[in-house]
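Scroll down for the structure; my scribbles are underneath it.
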């Protein structure tokens with residue numbers, strides 16, 4: 001098994017972070033994939049850079065088009081449904097919003113309609129931001145440690161006549177949650 005191209009951290013970074021041995025790499029890869037998958041699902045975003053082709057949108061008659069994925073790094077094509085076929089939109093004066101979430105058409109508006117627009121663009125991070133990478137590593141390490149302990153949810157355990165108690169009231173790292181919240185898609 002090897003990490004997919006969508007992984008937010010490399011296996012070498014994960015191995016170093018967990019101080020894992022070479023023999024532990026197959027298991028570690030599963031934890032990295034699981035942590036990356038969790039971030040993708042929680043944020044409801046494509047976090048790695050990829051081309052989005054023929055994404056459908058509804059035009060509202062304004063100059064702004066809110067895109068599904070961000071940050072937008074390139075906006076290469078757009079067309080609208082005329083009722084009989086697709087007509088290209090001149091993007092000579094299209095500008096990507098500085099926050100890279102939407103595209104602005106100077107001297108034009110996006111035609112009004114339901115799913116009447118198609119766009120091709122590139123979105124996501126070519127280089128994963130350090131805070132996101134760190135949060136993925138922390139989540140992966142937390143799950144790695146839990147599996148190693150194999151006592152998830154246990155609050156008391158007897159050992160050689162002694163009772164050991166510990167609290168697992170907050171099993172999810174707050175620092176991971178804080179970072180994930182910053183990258184999460186917000187409803188508009």
Checklist line | Residues 42, 172, 57 arranged by fewest to most Cβ contacts within 10 Å | finding: 172, 42, 57
Check: For the chain, modelled as a Gaussian network with Cα springs under 10 Å, which listed residue fluctuates most, 109, 33, 128?
Finding: 109
Item checked: Sites residue 19 and residue 56 - FRET efficiency at Förster radius 35 Å, r taken between beta-carbons, to 0.05 -> 0.15
Margin query: For a quick check: sort 12, 142 by the number of other beta carbons within 10 angstrom, fewest at the front.
Written below: 12, 142
Next item on the list: Could I have the simple spin-label model distance between residue 66 and residue 3, label points 7 Å from Cα toward Cβ, reported in nm to one decimal?
Entry: 3.3
Checklist line | FRET efficiency for residue 74 and residue 109, using Cβ-Cβ distance with R0 set to 35 Å, rounded to 0.05 | finding: 0.95
Notebook entry, point to check: Per residue of the chain, what 222 nm ellipticity follows from adding -39500 (n - 2.57) for every DSSP H run with n ≥ 4, rounded to the nearest 500?
Noted result: -10000 deg cm²/dmol
Item checked: Cα shape, segment 50-123, gyration tensor, a/c 1.5 rule -> prolate
Check: Helix 130-149 versus the longest principal axis of the chain: what angle, 0 to 90°, nearest 10, using Cα atoms?
Finding: 30
Check: Tell me, what is the percent relative contact order of the chain, built from C-alpha pairs under 8 Å that lie six or more residues apart?
Finding: 26
Check: Exposure proxy check: 120, 53, 84, 21 ranked by fewest other beta carbons within 10 Å?
Finding: 84, 21, 53, 120
Item checked: Helix 25-43 vs. the chain, principal-axis angle (Cα, 0 to 90°, nearest 10) -> 50
Margin query: If the elastic network links every pair of Cα atoms under 10 Å, which of 91, 28, 139 fluctuates the most in the Gaussian network model of the chain?
Written below: 91
Next item on the list: Work the Kirkwood hydrodynamic radius out for the chain: mean of 1/r over every pair of different alpha-carbon atoms, inverted, in Å.
Entry: 19.5
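No lab work stands behind these numbers, since they all come straight from the coordinates. Computed from a predicted structure; not experimentally measured. In this analysis, Cβ positions are derived from the backbone assuming ideal geometry, glycine residues included, and neighbour counts consider all displayed protein chains.
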